[in-house]
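Asker: Dropping the structure in here first, questions after.
The values are calculated or read from the model by the stated rules, or taken from the named source; none is laboratory data. Just so you know, these numbers come straight off a predicted model, no measurement behind them. Ideal geometry is used to build each Cβ from the backbone, glycine not excepted, and the neighbour counts take in all protein chains shown. These accessible areas exclude ligands, DNA and RNA; they are computed on the full protein's heavy atoms, side chains included. Shrake-Rupley method; radii C 1.70, N 1.55, O 1.52, S 1.80 Å.
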Amino acid sequence: MKKSRHHNFIDTIDEIASIATERKIAHLHTEDAVLNGRIITVNNQELVHFGSCSYLGLEVNDELKEGAIEAVLKYGTQFSSSRSYIGIGLYNELETLVSQMFGNEVVIAPSTTLAHIAAIPVLVSDEDAIILDQQVHMSVQSAVQLTRHRGVHIEVIRHNRMDKLEERVIALSQKHAKIWYMADGVYSMYGDFAPIYEIAALMDKYEQLNLYVDDAHGMSCFGKNGRGYILNEVEQTEKMVVTSSMAKAFGTGGGIMCFKNKAWKDKVKKCGATLIYSGPIQPPMLGASIASARIHLSDEIYRLQDNLQERIHYCHSLLEGYGLPVISNSKTPVFFVGVGLPKVGYNLVKRLMEEGHYTNLGIFPAVAIKNTGIRFTITNHHTFQDIERLVSSIAANLPRALEEENRNIFDVYQAFGLKSQPGEQLLPAPVKNSSYSIQHEQSIENIDRKLWNTLFAGQGTFDWDGMKFIEMASSGNELPEHNWEFHYFIIRNMEGKVVLATFFSLALWKDDMLSPAAISRQVEEARQTDPYYLTSKVLSMGSMASEGNHLYLNKQQGDWKEAMALLLDTVSELQEKTGATSVTLRDFSGEDEELTIFLQDEGFVKITMPETHVVKEMTWSDTEEYLNSLSKRSKRHIKYDVLRHEHMFDIEVKQQLSEAEREKFYELYRNVKDKSYDVNVFAYPERLLEIMNEYDNWEFVCIKLKPEFDDRAERQPIAMFFGYHNDDSYSAPVVGIDYDYLHSHKIYKQALYQMVKRAWQLKKQKCYLGFTATMEKQKLGAIVENRVAYVQAKDNYNMAVLGMMSAAGN
């Protein structure tokens, strides 16, 4: 069964997580008999723990421990009843204390995630709209999806872009009762703040705008009584819901929902699904939480906050002194030092562990894969010496990791768009010189025809003549999506032998090209008013007019990884010069695990491409022999659906088309293109057919009803395809049909059959049938080839937008 796009994405995450696990930097376990908050033992090695979110160090506080012990002795290990029926009295005590902390009424949930699931579906009505910050925590995004089936409008805006928020509020206020902006107070990956003053100003300006904020990482660290960053900066209004977590600096576990609007609070408490059906926080944790709340209501909280801020400021001063590429300078306990590619991150994390420091690797999908970094947190457990040793270790080992992985610090600054320059002590040795030479051309005419055709023999439409045609057809067009640039690369070893060859095209792509059809239909509606909505300039191996193996790689001629690295470095430089938002490497076998690991280390994410279909070994002598090469079921289908109707058609092969014929053929092509969303691409320009007239390798195959079967006033084609043939193969990348004859004459099946038949007549070894319609093409004897692509995007925004749309269908 074919996997959904959602599960393909899960497979991608699984592969990345597996690599980190195999390298022993993820999914680890402590081996300590006793934990003190500062030191953990992993793989028999003591490490200073810079991965904890217990920022104030309360998880080992004696008062919290005693609170848990007293509660378990009095009330047992659990109170197993839904709070909608009856709750243990400790809940009321805790909620009273936390309400005093926040200065408003609160509802406590077993976790922050369950708090979101309780609150968001209750607070958001069917007439409302939700705007998500791109980096809002996944627990909020997951809860938001529960409103999708009710028709609630959901969209994503770029991180902390208040100009975009205002634009969308103005647009959405015409159709929706309330507009909910959902964000974090302190963002969990880079540790940056939400621009709360700007948000508050927009809420004052627009009555319909409401705020739902997750301040989990601000809780306890900031504000009066540790109420968090948001409520330390602004007064809570009735249009704000502030949620938080007791599982971080608070030192225990559970989620908090704080309301100024009492009606909202009562409704969530009575109707929130996870408050009714989920188990409660159990007595030991309630006891510990009560003890923590009492500390928060005392002057002790300010001493703890001050201690933490001293460590945060000290860490920032060290990072600045070393000139490290820190991604956010917000004074929060979350730090992120950019390293660029995943392989540098893997290398650096291992080096830090070897020197006694446990840190986290920030990697895709939490960040764009080229924006990998070392994420670490500061807590009150850390001594100033701990912090100094970590930062100096990062400063010493980052240049080493970069050099070992053939990178430099300027790659990192470029990847993150940082303008300031690194400190001198971070400058590594120059990137190693390659033993290969690279030839870069921008036209196939600068490449030797015989060499190119030898390297890419039997690969369809991108032999030398095919590329010359594509170059001509994709230049001088009216619309930007029809104008492509081409870049050819040939890499040779010291003996002058070709090790690698390929070509890239620079073109405008639809970001939903490989999304489910339902998502593409939704996006196309938006493109009725904004034609280039969710489109990007992509630097892609191959082109949108070709399929097949676009990479020649001779692994027998030296170090293929070095040759690939040279190619990727050159393409990366080209990406910066051209402004392409992503690089795509296409049409690889998904079974090459070594290549997958190599490309993922280089910052590429593997995605599954649509299945492609090829008929091979076309050696039959007649139709009967061809039919006998098929399965019994396929043979029966071909006879009934295709051969039974074939006598009704005239099949004409044309080398050139008149203007009227071109118009009709293009109309038939658009019939198919405008109904197909499985691979959603821009339509080819009509001018394409005119240029095809000039190339002998292209032909036009026209399918008409014979006069005796055509009762129309004017006899016109009811199907057609464009065929490209070279020495070895036949490709039919464009097909068009008249849908009035789709079912009555099985015309699409007839067109596919005629493609195969034409390739056989021309004595070709292969017939490329393109993407989609797997079942129909298999009946014709096509082999299904599973292919993957590797994508490296500068940011995850468009992916986040499509992901939010796609999640609605799962």
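Asker: Residues to consider are GLU127, GLU95; find the one that is without any contact (Cβ under 8 Å) to a residue 40 or more places away in the chain, among the acidic types (Asp, Glu) and surrounded by fewer than 20 Cβ atoms within 10 Å (Cβ to Cβ).
Answerer: Within the list GLU127, GLU95, the selection yields GLU95.
Asker: Which members of the stretch 671-712 meet the condition of being in a helix (DSSP H, G or I) and within 24 Å of THR772 (Cβ to Cβ)?
Answerer: Of everything in the stretch 671-712, those that are in a helix (DSSP H, G or I) and within 24 Å of THR772 (Cβ to Cβ) turn out to be ASN671, VAL672, LYS673, LEU688, LEU689, MET692.
Asker: In addition: What are the residues in the stretch 294-326 that are modelled with pLDDT under 95 and open to solvent by 40 Å² or more (accessible area, probe 1.4 Å), if any?
Answerer: Answer for the stretch 294-326, where residues must be modelled with pLDDT under 95 and open to solvent by 40 Å² or more (accessible area, probe 1.4 Å): GLU320, GLY321, TYR322.
Asker: Hey, among the residues in the stretch 469-506 that are touching a residue at least 60 places away in the same chain (Cβ under 8 Å), open to solvent by 30 Å² or more (accessible area, probe 1.4 Å) and over 30 Å from the mean Cα position of the chain (by Cα), which one's farthest from ILE438 (Cα to Cα)?
Answerer: Per the stated criteria, the residue is GLU478.
Asker: Of all residues in the stretch 642-657, how many are crowded, with 17+ Cβ neighbours inside 10 Å and either over 15 Å from ILE703 (Cβ atoms) or not hydrophobic (A, V, I, L, M, F, W, C) (or both)?
Answerer: Residues meeting the conditions: 1.
Asker: Consider THR584 carefully, then state whether it is within 18 Å of VAL681 (Cα to Cα), of a type in the set (Val, Ile, Thr) and in a loop (DSSP other than H, G, I, E, B).
Answerer: For THR584, the condition - within 18 Å of VAL681 (Cα to Cα), of a type in the set (Val, Ile, Thr) and in a loop (DSSP other than H, G, I, E, B) - is not met.
Asker: Would you mind finding the one in ASN44, ASN36 that is modelled with pLDDT of 90 or more, open to solvent by 70 Å² or more (accessible area, probe 1.4 Å) and at positive phi?
Answerer: ASN44
Asker: Going through the stretch 49-72 one residue at a time, which ones are assigned to a helix (DSSP H, G or I) and touching a Pro at 6+ places or on another chain (Cβ under 6 Å)?
Answerer: ALA68, ALA71, VAL72
Asker: Also: Can you name the number of the only condition in (1) surrounded by 20 or more Cβ atoms within 10 Å (Cβ to Cβ); (2) under 30 Å from ASN61 (Cβ atoms) that MET182 fails?
Answerer: All conditions pass for MET182, except number (2).
Asker: Only one of these is more than 24 Å from GLU611 (Cβ to Cβ), buried (at least 17 other Cβ atoms within 10 Å of the Cβ), at pLDDT 90 or above and not basic (Lys, Arg): LEU539, LEU551. Name it.
Answerer: Testing whether each residue is more than 24 Å from GLU611 (Cβ to Cβ), buried (at least 17 other Cβ atoms within 10 Å of the Cβ), at pLDDT 90 or above and not basic (Lys, Arg) leaves just LEU539.
Asker: Starting from the stretch 185-203, take each residue that is within 17 Å of ILE157 (Cα to Cα) and open to solvent by 10 Å² or more (accessible area, probe 1.4 Å) and list its partners that are among the acidic types (Asp, Glu) and at pLDDT 95 or above, counting only C-beta distances under 7 angstrom and pairs at least six apart or across chains.
Answerer: Sorted first by the residue in the stretch 185-203, then by its partner, the pairs are LEU202/GLU166.
Asker: Does the stretch 658-669 contain any residue that is crowded, with 20+ Cβ neighbours inside 10 Å and small (Gly, Ala, Ser)?
Answerer: Looking through the stretch 658-669, none of the residues is crowded, with 20+ Cβ neighbours inside 10 Å and small (Gly, Ala, Ser).
Asker: Give me the pairs: first residue in the stretch 536-552 and among the basic types (Lys, Arg), second residue open to solvent by 20 Å² or more (accessible area, probe 1.4 Å), beta-carbon distance under 6 Å, and six or more apart or on different chains, which are they?
Answerer: LYS537/LEU508; LYS537/THR581
Asker: Looking at ALA366, ALA291, which is the one that is in contact with an Asp or Glu (Cβ under 7 Å, 6 or more places away or on another chain) and either in a loop (DSSP other than H, G, I, E, B) or surrounded by 16 or more Cβ atoms within 10 Å (Cβ to Cβ) (or both)?
Answerer: Among ALA366, ALA291, only ALA291 is in contact with an Asp or Glu (Cβ under 7 Å, 6 or more places away or on another chain) and either in a loop (DSSP other than H, G, I, E, B) or surrounded by 16 or more Cβ atoms within 10 Å (Cβ to Cβ) (or both).
Asker: Continuing with the same structure: Does GLN600 satisfy the criteria of being over 26 Å from GLU15 (Cα atoms), touching a residue at least 24 places away in the same chain (Cβ under 8 Å) and of a type outside the set (Lys, Arg)?
Answerer: When the stated conditions are applied, GLN600 does not pass them.
Conditions (1) among the aliphatic types (A, V, I, L, M); (2) farther than 20 Å from SER188 by Cβ, marked per residue:
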{"residue": "VAL106", "(1), (2)": "yes, yes"}
{"residue": "ALA109", "(1), (2)": "yes, no"}
{"residue": "THR113", "(1), (2)": "no, no"}
{"residue": "LEU123", "(1), (2)": "yes, yes"}
{"residue": "GLN134", "(1), (2)": "no, no"}
{"residue": "THR147", "(1), (2)": "no, yes"}
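Asker: If the Cβ limit is 9 Å and pairs must be 6+ apart or interchain, which residue in the stretch 681-702 that is more than 29 Å from ALA517 (Cβ to Cβ) pairs with which residue that is open to solvent by 30 Å² or more (accessible area, probe 1.4 Å) and among the polar types (S, T, N, Q)?
Answerer: Within 9 Å, the pairs are ASN693/GLN655; ASN693/GLN656; GLU694/GLN656; ASP696/GLN655; TRP698/GLN655; GLU699/GLN655.
Asker: Let me ask something else about it. Identify, from the list GLN459, GLN522, the residue that is within 23 Å of PRO733 (Cβ to Cβ), open to solvent by 20 Å² or more (accessible area, probe 1.4 Å), under 32 Å from the mean Cα position of the chain (by Cα) and modelled with pLDDT under 90.
Answerer: The match here is GLN459.
Asker: Go through the stretch 69-92 and report how many residues are farther than 16 Å from ALA288 by Cβ, within 42 Å of the chain's Cα centre (by Cα) and open to solvent by 50 Å² or more (accessible area, probe 1.4 Å).
Answerer: So the count comes out to 3.
Asker: Still on this model: Kindly provide the set of residues from the stretch 369-391 that are within 19 Å of CYS53 (Cα to Cα), outside any loop (DSSP other than H, G, I, E, B) and either open to solvent by less than 40 Å² (accessible area, probe 1.4 Å) or among the polar types (S, T, N, Q) (or both), ordered by number.
Answerer: GLY373, ILE374, ARG375, PHE376, THR377, ASP386, ILE387, LEU390, VAL391
Asker: Continuing with this model, one more query. Which pairs have Cβ atoms under 6 Å, sit 6 or more apart or on different chains, and link a residue in the stretch 407-424 that is farther than 23 Å from ASP601 by Cα to one that is open to solvent by less than 80 Å² (accessible area, probe 1.4 Å)?
Answerer: From residues that are farther than 23 Å from ASP601 by Cα, the pairs are PRO422/GLY323; PRO422/ILE409; GLY423/TYR322; GLY423/GLY323.
Asker: Of everything in the stretch 98-122 that's open to solvent by 20 Å² or more (accessible area, probe 1.4 Å) and in contact with a Phe, Trp or Tyr (Cβ under 9 Å, 6 or more places away or on another chain), which residue is farthest from TRP264 (Cα to Cα)?
Answerer: ASN104
Asker: For the stretch 740-759, indicate whether the set of residues that are open to solvent by 40 Å² or more (accessible area, probe 1.4 Å), touching a residue at least 12 places away in the same chain (Cβ under 8 Å), over 30 Å from HIS149 (Cα atoms) and hydroxyl-bearing (Ser, Thr, Tyr) is non-empty.
Answerer: Yes: the stretch 740-759 contains one or more residues that are open to solvent by 40 Å² or more (accessible area, probe 1.4 Å), touching a residue at least 12 places away in the same chain (Cβ under 8 Å), over 30 Å from HIS149 (Cα atoms) and hydroxyl-bearing (Ser, Thr, Tyr).
Asker: Now for a different question. Tally up the residues in the stretch 347-363 that are over 28 Å from ASP306 (Cα atoms), open to solvent by less than 10 Å² (accessible area, probe 1.4 Å) and within 20 Å of the chain's Cα centre (by Cα), please.
Answerer: Residues that pass the stated criteria total 0.
Asker: So, in the stretch 554-581, exactly how many residues are surrounded by fewer than 17 Cβ atoms within 10 Å (Cβ to Cβ) and either in contact with a helix residue (DSSP H, G or I) (Cβ under 8 Å, 6 or more places away or on another chain) or of a type in the set (Phe, Trp, Tyr) (or both)?
Answerer: Adding up the residues that qualify gives 3.
Asker: Mind checking which helices (runs of 4 or more DSSP H) fall wholly inside the stretch 123-216 and carry at least 2 residues that are under 20 Å from GLN522 (Cβ atoms)?
Answerer: 138-144, 162-172
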